[in-house]
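S.K.: Handing you a structure now.
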Amino acid sequence: MTRIAVLGGGPAGGSAALALARAGAAVDLYLPARPGEKPCGGGVPEHVLPQLAGFDPSGLPAVVSPRALLENARGSALAIDLGGLRIFRRRDLDRAIVEAAVAAGAVPRREKAGRLEWGKDGVRVFAGQEARVYDWVVGADGARGLSRRSLGLQSQGDSLGLGGSFSGLDFDRLVLAFPELADSYLWIFPRPGGVSVGIGYTQGRLAEGAARAALDAFLDRHLPRGWRDLPGPRYRYPIPVFGPWTLEGVRRGLDRRLLLTGDAAALADPLTREGIRYGMLSGLWAAESLLEGSPETYPERLTAELEEEMERADRACDLFFEGAVARWMVPVARVHPGIRRVLGDLLACRQPYTGLRRRLLEAAVGR
């Protein structure tokens, strides 16, 4: 039987381990030493969740399809429908997927994987005082994890996120703002027991001081006075967006019997920086290629599923952040229900970038 190790217990690793275990594969799941809350919003499009066969999210605390507010740098604001979005605490979501994988037969390894070595008999994973040999490894341990380090992959094109996860605040709106500061945008995501807040931008295009000032001003407008004293961790973290480096790294990993997924593969959307959905899907795609006995097809699957969509997202960045869309989408959508629906579907991940321009034009002329 093929022996498989999955490194990482987030959406990508949990999804891969769940799919592999349900199919009867021998899979060890190496979990992070201290899993905790994540800095991202934690929103997952509901249409993605049924693809994780064997995982039932209905019992998890979540904020479902909250009221949403979209604003631009010129003071225009728009209430918008983001139906079909479910926002979890990441520690709840990650733990629940891992528990489903373990219930299906994955073996949890609580020792942190510290080294990989390659030999004729497979990939040797060193963790704690033990070493185990596997035929294949699924790398799902993030942008700075062991998988990428072992392959010698350097960060390229990363965005940065500044923000935090605050607890003890009852906040019922999702807020997104486009401040027309390079390629940055700001967010407040309500979640059970608190909020996730942040600003995403590209280093070199916006100074960190300017990003922090924009985030503070944004939170002053929307959160109650005293938000700075709320408990919860603050973050500065990389957001590994999709680019030409993504498939290059994935192919390098394939040569070493290591399938990179999620943030380890640099799959975040260049426009929204959203990565949970692609973590889940890439974990499933990696598992499917292994179960079919054709792991060499995994890079082809990523190319077919994501390359064109991500290239369109990258091309749309200037329009959304500093171009016509940034200036006009909020005021136009306020008076045009068709465009408002398109934007709602885009932000809730129901509308792909492919076909977006046509749908906007059709909405503008009333079709």
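S.K.: Helix 90-104 versus the longest principal axis of the chain: what is the Cα-based angle in degrees, 0 to 90, to the nearest 10?
M.R.: 30
S.K.: Give me the base-10 log of I(q)/I(0) for the stretch 1-158 at each q in 0.10 Å⁻¹, Debye formula, one uniform scatterer per Cα, rounded to two decimals.
M.R.: -0.45
S.K.: Could you give the semi-axes, largest first, of the ellipsoid that matches the stretch 203-350, computed as the square roots of 5 times the alpha carbon gyration tensor eigenvalues and rounded to whole Å? Please report the intermediate quantities before stating the final value.
M.R.: On the way: eigenvalues 227, 90, 45 Å².
Largest first, the stretch 203-350 gives 34, 21, 15 Å.
S.K.: On average over all directions, what projected area in square nanometres does the chain have, based on the convex hull of its Cα atoms? Let's see the in-between values first.
M.R.: Working: hull surface 71.4 nm².
Result: 17.9 nm².
S.K.: State the Cα centre-to-centre distance between the stretch 57-89 and the stretch 197-243 in whole Å.
M.R.: So the separation of the two Cα centres works out to 18 Å.
S.K.: So what's the projected area for the stretch 108-243, the Cα convex hull averaged over all directions, in nm²? Walk me through the intermediate numbers first.
M.R.: Working: hull surface 44.8 nm².
Average of the hull's projected areas for the stretch 108-243 equals 11.2 nm².
S.K.: While we're on this one: For the chain, which whole percent of the accessible surface, found with a 1.4 angstrom probe, sits on carbon and sulfur atoms?
M.R.: Details: 7920 of 15980 Å².
For the chain, the apolar C and S fraction of the accessible surface comes to 50 percent.
S.K.: How many Å² of accessible area per residue for the chain, probe 1.4 Å?
M.R.: Details: 15980 Å² over 367 residues.
Per residue, the chain has 44 Å² of solvent-accessible surface.
S.K.: Also, I was wondering about something else. What is the Cα coordinate range of the stretch 269-367 on the first, second and third principal axes, sorted by size from largest, in whole angstrom?
M.R.: Principal-axis extents of the stretch 269-367 (Cα, largest first): 53, 27, 19 Å.
S.K.: Follow-up. On a 0 to 90 degree scale, rounded to 10, what angle separates helix 324-335 from the longest Cα axis of the chain?
M.R.: Rounded to the nearest ten degrees, it is 60.
S.K.: Let me ask another. Going toward the positive end of the dipole of the stretch 146-296, with +1 on Lys and Arg Cβ and -1 on Asp and Glu Cβ, which of GLY262, LEU284, SER150 do you reach last?
M.R.: SER150
S.K.: Quick check on the chain: helices-only [θ] at 222 nm, where DSSP H runs of length 4 and up contribute -39,500 (n - 2.57) each and the sum goes over total residues. Nearest 500, please. Display every interim value, and only then the final one.
M.R.: Working: 11 runs with 127 residues, N = 367.
Calculated from helices alone, the mean residue ellipticity at 222 nm is -10500 deg cm²/dmol.
S.K.: If Rh is defined by the Kirkwood formula over all Cα pairs and Rg also comes from Cα, what ratio Rg/Rh do you get for the stretch 143-217?
M.R.: Radius of gyration relative to Kirkwood radius: 1.07.
S.K.: Taking the Cα centre of the stretch 78-130 as the origin, how large is its charge dipole in debye, to the nearest 20, when only Lys and Arg (+1) and Asp and Glu (-1) carry charge on their Cβ atoms? Walk me through the numbers on the way to the answer.
M.R.: Numbers: 11 positive and 8 negative charges, 31 e Å.
In debye, rounded to 20, the stretch 78-130 gives about 160.
S.K.: Quick check: Cα centre of the stretch 138-177 to Cα centre of the stretch 284-299, how many Å?
M.R.: 25
S.K.: What size of dipole, in debye to the nearest 20, comes out for the chain about its Cα centre when the only charges are +1 on Lys and Arg C-beta atoms and -1 on Asp and Glu C-beta atoms? Can you show the working numbers first?
M.R.: Working: 48 positive and 43 negative charges, 122 e Å.
Charge dipole of the chain: 580 debye, to the nearest 20.
S.K.: Further, regarding this structure: With no solvent and one equal point scatterer per Cα, compute the Debye intensity ratio I(q)/I(0) for the stretch 64-143 at 0.12, 0.16, 0.18 Å⁻¹ and report its log10, rounded to two decimals.
M.R.: -0.62, -0.80, -0.91
S.K.: Now a separate question. Give the percent of DSSP beta bridges with both residues in the stretch 7-123 that are antiparallel, rounded to the nearest 5. Walk me through the numbers before you get to the answer.
M.R.: Details: 12 of 16 bridges.
Percent antiparallel among DSSP bridges in the stretch 7-123 is about 75.
S.K.: In degrees from 0 to 90, rounded to the nearest 10, what is the angle of the helix 208-222 Cα long axis to the longest principal axis of the chain?
M.R.: 60
S.K.: I've got another one for you. Kindly identify the stretch 276-328 as rounded, prolate or oblate by the Cα gyration tensor criterion: order the square roots of the eigenvalues as a ≥ b ≥ c, call it rounded if a/c is under 1.5, otherwise compare a/b with b/c, prolate if a/b is larger, else oblate.
M.R.: prolate
The values are calculated or read from the model by the stated rules, or taken from the named source; none is laboratory data. Model, not experiment: these values are computed from the prediction. Here Cβ is always computed from backbone atoms with ideal geometry, including for glycine, and neighbour counts include all displayed protein chains. All accessible areas refer to the heavy atoms of the entire protein, side chains included, with ligands and DNA or RNA removed. Shrake-Rupley method; radii C 1.70, N 1.55, O 1.52, S 1.80 Å.
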